[in-house]
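To keep things clear, I will list the structure first and then write my remarks on it.
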């Protein structure tokens, strides 16, 4: 099977590592060339200028869902013209009272070539199939809600 990796690098900026008094800003490198600065979510003291793991998780799920949807659409000859999404990761506590991403909402909007139409039911079925076949969705234990926008 495939192995896909990233490189992560963090260095302490403060004189000492003290609870609640250190920066968690770090660099994530994809494919040895694409660098992203990541941090704790702003609600937990991180910078809003950086991404955070919760956003990255929502981005991973959104991207996987889209790629799966497009693969299925191509097989059924749906002429998808564009696909946009606004994914939202929700933080909360699980049954063990641990902080988790307990839900991710996907809000995809799909447009097709002029003259092509699918029913709301057909579109919902395709998104359901995409969710069931998405590798990331199958990895998560949290609730994923796909809000289809027509």
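The values are calculated or read from the model by the stated rules, or taken from the named source; none is laboratory data. Just so we're clear, the structure is a prediction, and the values are computed from it rather than from any experiment. All Cβ positions, glycine included, derive from the backbone under ideal geometry; neighbour counts span all protein chains shown.
Every listed requirement among (1) surrounded by 15 or more Cβ atoms within 10 Å (Cβ to Cβ); (2) not assigned by TED's automatic domain parsing to the domain that holds residue 136 is met by residue 33 save one, (1). Tell me yes or no: at least one residue of region 76-92 is touching a residue at least 40 places away in the same chain (Cβ under 8 Å), within 29 Å of residue 126 (Cβ to Cβ) and in the same structural domain as residue 118 (by TED's automatic domain parsing). Within region 76-92, one or more residues are touching a residue at least 40 places away in the same chain (Cβ under 8 Å), within 29 Å of residue 126 (Cβ to Cβ) and in the same structural domain as residue 118 (by TED's automatic domain parsing). Note on region 88-150: enclosed strands (runs of 3 or more DSSP E) holding 2 or more residues that are surrounded by fewer than 14 Cβ atoms within 10 Å (Cβ to Cβ) and within 19 Å of the chain's Cα centre (by Cα) are 88-93, 143-146.
On the basis of being at pLDDT 95 or above and surrounded by 17 or more Cβ atoms within 10 Å (Cβ to Cβ), does residue 71 make the cut?
Values: at pLDDT 95 or above: yes; surrounded by 17 or more Cβ atoms within 10 Å (Cβ to Cβ): no.
Spelling it out, it is not the case that residue 71 is at pLDDT 95 or above and surrounded by 17 or more Cβ atoms within 10 Å (Cβ to Cβ).
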